[in-house]
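Q: I have a structure here, written as structure tokens, and I will follow up with some questions on it.
The values are calculated or read from the model by the stated rules, or taken from the named source; none is laboratory data. What you are looking at is a predicted structure, and each value in this text was computed from that prediction instead of being measured. Backbone-built Cβ (ideal geometry, glycine too); neighbour counts: all protein chains shown. Areas reflect the complete protein model, heavy atoms only, side chains present, ligands, DNA and RNA absent. Shrake-Rupley method; radii C 1.70, N 1.55, O 1.52, S 1.80 Å.
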Amino acid sequence: MLRGMYTAVAGMITQQRKHDTITNNISNINTPGFKQGSAVSRSFPEVLISAMDPGTSQPVKRLGLINTGVLAEEDLSIYLQGDLQETGNSLDVALVSNILRDVNGNNLPPFDKSGKYVSPEGEKTFQPQAFLTVENEAGERRYSRNGKLTVNENAELVTPEGYRVLGVDGQPITLQDANGQPIGNVKILASGQLLDAVNGLPLTDDAGAAKALLISRVENPNRMVREGNGVYRVNEEDEDGVTQAVMDEQVQLHQGYLERSNVDPTQSVVDMMAAARAYEANQKLVQFYDKSLEKAVNEVGRV
């Protein structure tokens with residue numbers, strides 16, 4: 001009897017986590033570059049049950065397999081390209097990524113709409129994705145698709161959360177001319193290079209190299225860890241899978257646009273209702289087992 005209660009409770013916990021994931025998606029519908037999450041569930045390993053001989057406590061007959069519940073294993077991000085929304089703000093950039101070739105220029109296998117390819121042998125391959133490269137206060141690299149950029153008091157290009165945007169030289173980008181004066185109007189090319197919108201000259205660093213946004217290519221984005229605020233990090237063991245993206249027709253920046261979130265509000269509401277109903281069904285099972293245990297303790301014992 002308790003086995004059934006444990007299974008129902010595990011189902012309640014799983015549906016609660018699914019509900020939390022969906023509500024987080026809905027709350028970020030208007031967050032630029034947000035990628036919706038999807039809670040992945042799997043069952044606990046099946047166990048073999050047998051009838052026991054009361055006298056010897058040894059199994060005398062195999063009854064079969066039984067599943068002991070389900071759990072929400074992980075929360076995967078879905079990296080579908082979001083729609084572009086024109087803002088007219090010169091510091092807004094939308095990153096469009098549809099990488100179909102590997103780093104050597106060879107064609108990758110055809111991916112489905114979720115960015116995944118499953119070979120006939122069952123091997124999964126995920127589509128690489130491109131990200132803006134930013135830096136937190138500790139100087140650690142992070143990755144984001146939120147292109148709503150601003151300039152801080154140090155003339156540094158930053159995200160809404162204050163992460164500094166990095167250039168191809170690995171240093172934070174500053175919008176200053178050769179004399180160190182702030183530049184109020186900048187042009188960002190599709191390749192990420194920065195120009196002075198007034199005279200059309202490239203912005204350069206102290207070494208005279210042209211400034212450009214560092215766009216990183218992540219080979220397996222599902223290995224990234226979501227930190228919140230649309231920011232991701234890469235584990236140390238996966239850093240070899242992060243390289244500088246080649247800015248061509250497959251990876252481009254669009255100035256004056258923002259990438260909208262890829263959350264489907266209609267489907268999210270449907271999924272949220274389904275999770276709530278599944279939670280309620282498991283809750284009723286727990287109440288049933290509770291009443292059965294109450295009767296076994298308070299009534300059967302008196303008989």
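Q: For the stretch 183-205, give me each residue that is open to solvent by 60 Å² or more (accessible area, probe 1.4 Å) and small (Gly, Ala, Ser).
A: GLY184
Q: In the stretch 206-229, which residues are within 15 Å of VAL165 (Cβ to Cβ) and open to solvent by less than 20 Å² (accessible area, probe 1.4 Å)?
A: Just the residues of the stretch 206-229 that are within 15 Å of VAL165 (Cβ to Cβ), to begin with: 211-216, 229.
Of everything in the stretch 206-229, those that are within 15 Å of VAL165 (Cβ to Cβ) and open to solvent by less than 20 Å² (accessible area, probe 1.4 Å) turn out to be ALA212, LEU213, LEU214, ILE215, SER216.
Q: Among strands (runs of 3 or more DSSP E) lying entirely in the stretch 121-210, which contain 1 or more residues that are farther than 17 Å from TYR232 by Cα? Talk me through it step by step, then tell me what you get.
A: Details: elements: 124-126, 129-135, 141-144, 186-188, 194-196.
Qualifying strands (runs of 3 or more DSSP E): 124-126, 186-188, 194-196.
Q: Can GLU237 be described as free of Cβ contacts under 8 Å to residues at least 24 places away in the same chain, at negative phi, loosely packed, with under 11 Cβ neighbours inside 10 Å and not in a loop (DSSP other than H, G, I, E, B)?
A: Values: free of Cβ contacts under 8 Å to residues at least 24 places away in the same chain: yes; at negative phi: yes; loosely packed, with under 11 Cβ neighbours inside 10 Å: yes; not in a loop (DSSP other than H, G, I, E, B): yes.
Yes.
Q: Check the stretch 240-250 and report whether any residue there is surrounded by 15 or more Cβ atoms within 10 Å (Cβ to Cβ), more than 22 Å from the chain's Cα centre (by Cα) and in a loop (DSSP other than H, G, I, E, B). Before you say what the answer is, go through the steps one by one.
A: So the first thing to find is which residues in the stretch 240-250 are surrounded by 15 or more Cβ atoms within 10 Å (Cβ to Cβ), and the list is 241-242, 245-247, 250.
If we keep only those that are more than 22 Å from the chain's Cα centre (by Cα) as well, we get 246-247.
Filter again for in a loop (DSSP other than H, G, I, E, B), leaving 246-247.
Yes - at least one qualifying residue is present in the stretch 240-250.
Q: Residues being aliphatic (A, V, I, L, M) and surrounded by 15 or more Cβ atoms within 10 Å (Cβ to Cβ): count how many of those fall in the stretch 253-275. Explain how you work it out, then say what you get.
A: First, the residues of the stretch 253-275 that are aliphatic (A, V, I, L, M): 253, 258, 263, 269-270, 272-275.
Next cut, surrounded by 15 or more Cβ atoms within 10 Å (Cβ to Cβ) only: 253, 258, 263, 272, 275.
Of the residues in the stretch 253-275, 5 are aliphatic (A, V, I, L, M) and surrounded by 15 or more Cβ atoms within 10 Å (Cβ to Cβ).
Q: Sort out which residues of the stretch 194-220 are over 16 Å from GLN244 (Cβ atoms) and in contact with a Phe, Trp or Tyr (Cβ under 6 Å, 6 or more places away or on another chain), and write them in order of number.
A: Matches in the stretch 194-220: ASN220 only.
Q: Among (1) closer than 30 Å to ASN185 by Cα; (2) modelled with pLDDT under 80, which single condition is MET1 missing?
A: Only one criterion is unmet by MET1, namely (1).
Q: Consider the stretch 4-36. How many of its residues are under 30 Å from GLN85 (Cβ atoms) and either at pLDDT below 90 or in a loop (DSSP other than H, G, I, E, B) (or both)?
A: From the stretch 4-36, those under 30 Å from GLN85 (Cβ atoms) are 18-36; that's our starting set.
Checking which are either at pLDDT below 90 or in a loop (DSSP other than H, G, I, E, B) (or both) leaves us with 28-36.
Residues meeting the conditions: 9.
Q: Something else about it: Given the residues GLN267, GLN287, which is the only one that is in a helix (DSSP H, G or I), without any contact (Cβ under 8 Å) to a residue 24 or more places away in the chain and more than 27 Å from LYS124 (Cβ to Cβ)?
A: Of GLN267, GLN287, the one residue that is in a helix (DSSP H, G or I), without any contact (Cβ under 8 Å) to a residue 24 or more places away in the chain and more than 27 Å from LYS124 (Cβ to Cβ) is GLN287.
Q: Pairs please, first residue from the stretch 15-37 and farther than 18 Å from TYR232 by Cα, second anywhere and of a type in the set (Asp, Glu), Cβ atoms under 7 Å, 6+ apart in sequence or on different chains.
A: Every condition considered, the pairs that remain are ILE22/ASP271.
Every residue, every condition in (1) exposed (fewer than 15 other Cβ atoms within 10 Å of the Cβ); (2) of a type in the set (Asp, Glu); (3) within 20 Å of GLY192 (Cβ to Cβ), yes or no:
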position: SER90; (1), (2), (3): no, no, yes
position: VAL93; (1), (2), (3): no, no, yes
position: ASN107; (1), (2), (3): yes, no, no
position: PHE111; (1), (2), (3): no, no, no
position: GLY115; (1), (2), (3): no, no, no
position: SER119; (1), (2), (3): yes, no, no
position: GLY122; (1), (2), (3): yes, no, no
position: THR125; (1), (2), (3): no, no, no
